[in-house]
Amino acid sequence: MEKRALEQLWDQNQSTGKKKKLVATVYEVLFALVAFSNLCLVVFDASYLWKIPYARMTFRDVYLDYAPELVKRYDPVKGIESHRFVDSYNEEVKNLKGALSTLAENPQDLEARQVSVQSRQALVEMTEDMINRRGVDSHFYLAEKDGVLERMKNIMRDEYPNDDNSAKDAFREFFSQENLTPENYKEKFAFFDAEIMHLMNQNYFRWIGEDGEKKDFFHLYDRWFVLFFLIDFLVRWVVAIVQKRYRKWYLFPVRQSYEVFNLFPPHHGAWFRLLRVIPFYMRIRQNGWLPDDGLAPDIIKSNASIIAEEISGLVVLNVLDQAKSSIKRTGLSMEGETRNAVENLLSNQMASVAKKVMPEVQPQISEMVSYSINRAMEPYLLSPIGPIVRLILMSVHATVNDGLEAALSGPEGTERLSRILQNSVSNILEDMADPSSQEALIDDVIRVLDRVQEDVRESVANRNARPQA
């Protein structure tokens, strides 16, 4: 019974542990979704009025073309209002279109003709006022759209050229009765709306707040996310204290100091809010939702082998080229430390030959000595005393074999042979110092390097020719 109770208690603990782990996982997923949503909103807000490089427009201008409803909803968040001048200009253009449309149907309508004359005059005056204003008095100053005004002026100059290259004269010509008639106004205004009013509608107005900055109400929406992050931070701090994860109670905020980007909401620091990507990244990494080494090391690892493979062959070819150039320019010096190093290397190899190789080739040496003796004694072997000489030579051959074996296996013989070989090394090095020998050696070394370089070049070419996976 006691064993059964223990098993039940163990099962209950296991079940409770699993439930707690499940709840914690669900909460972490919820936190990640909220943090990611806030990060997306922060990026959108920071880039809303950001000037796109080389495009002469902001993202708001792009949204204005493709998602006007989004602009209509988000402009109040940024404190953006329609510009009074632009509204008045649009209203006069609308009045002029209506008057011309009425005249197209009824050319005798005096009221429409009077509205047409008044609207033309008003638009000319408003255009001149728009062009004459400069600096802080410009209608485009607060929205930083003075460049848009210059584009409008250039477009009108190109479409309606004049001797003075005047934008005012170009606008006057466009609004003149000779240019805009009831018969062609639709075609003319199609150009004007697409090229001029399209740019003018990018202008807007923002009031200046009591803090001296342009009004921006994004913080009213962002503060709810900050409150969520603050509650999450405080709860985890309390849990860390209860579970005694750290030796001191104040170590939790020290270890989680990067979360300050979530907890500090600068009113006008839109780009500062983008640093919230750091606590977001750290949180999902702590949850094990990223590779152990993070994203950047994984990217580096996956590309390091490719980069190394691509440049290794080129590096080897460059090194071989430099080595050949250095040898051709300076030669192979056999003086000083270089000579000593080469001599030590060859001496060690010769000592190894004397101790290990020579005893193994001793039978071949003995055979060569016996063959030499037989050739020298060949006239006597063919004479009448040949049998006696052959018996003597058999004894000599046995003595020579025993002597060679003793000399090559004993320490004294080995030492003598080592001295002979080392003297040979010295003679070889002395001969290498000769200019003609140096030249021949350099040619041989360069031929070897050329062969190695050609092999490397073929290897690189074959590797590049392989189809990529």
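Looking at this structure, is Ser176 of a type in the set (Gly, Ala, Ser), farther than 20 Å from Val115 by Cα and in the same structural domain as Met130 (by TED's automatic domain parsing)?
Criteria not met by Ser176.
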Filter result (surrounded by fewer than 12 Cβ atoms within 10 Å (Cβ to Cβ) and outside any helix (DSSP H, G or I)) within region 126-140: Arg134
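Conditions tested, residue by residue: (1) part of a helix (DSSP H, G or I); (2) surrounded by fewer than 14 Cβ atoms within 10 Å (Cβ to Cβ).
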| position | (1), (2) |
| --- | --- |
| Gln114 | yes, yes |
| Val124 | yes, no |
| Asn154 | yes, yes |
| Gln177 | no, yes |
| Ala190 | yes, yes |
| Asp211 | no, yes |
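Quick grid of which residues meet (1) at pLDDT below 95; (2) surrounded by 11 or more Cβ atoms within 10 Å (Cβ to Cβ); (3) over 28 Å from Trp50 (Cα atoms):
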position: Val254; (1), (2), (3): yes, no, yes
position: Ala270; (1), (2), (3): yes, yes, no
position: Asp293; (1), (2), (3): yes, yes, yes
position: Ile307; (1), (2), (3): yes, no, yes
position: Leu317; (1), (2), (3): yes, yes, yes
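Please count how many residues of region 140-172 are acidic (Asp, Glu) and more than 17 Å from Asn203 (Cα to Cα). If you could, list the steps in order and put the result at the bottom.
Quick first cut of region 140-172, residues acidic (Asp, Glu) only: 144, 146, 150, 158-159, 163-164, 169.
Remaining after also requiring more than 17 Å from Asn203 (Cα to Cα): 158-159, 163-164, 169.
Residues that pass the stated criteria total 5.
Would you confirm, using the coordinates I've provided, whether Arg60 is at pLDDT below 95 and under 30 Å from Arg133 (Cβ atoms)?
Numbers: at pLDDT below 95: no; under 30 Å from Arg133 (Cβ atoms): yes.
No: the conditions fail for Arg60.
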Does at least one position in region 60-82 carry a residue that is exposed (fewer than 13 other Cβ atoms within 10 Å of the Cβ) and in a loop (DSSP other than H, G, I, E, B)? yes
Is it true that Leu149 is buried (at least 18 other Cβ atoms within 10 Å of the Cβ) and touching a Ser or Thr at 6+ places or on another chain (Cβ under 9 Å)? yes
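Quick check, is Ala143 modelled with pLDDT of 95 or more and either in a loop (DSSP other than H, G, I, E, B) or touching a helix residue (DSSP H, G or I) at 6+ places or on another chain (Cβ under 9 Å) (or both)? Write out each step before concluding.
On the way: modelled with pLDDT of 95 or more: no; either in a loop (DSSP other than H, G, I, E, B) or touching a helix residue (DSSP H, G or I) at 6+ places or on another chain (Cβ under 9 Å) (or both): yes.
When the stated conditions are applied, Ala143 does not pass them.
The values are calculated or read from the model by the stated rules, or taken from the named source; none is laboratory data. What you see is a predicted model; the values in this text were computed from it and never measured. Note: ideal-geometry Cβ built from the backbone for every residue, glycine included; neighbour counts use all protein chains shown.
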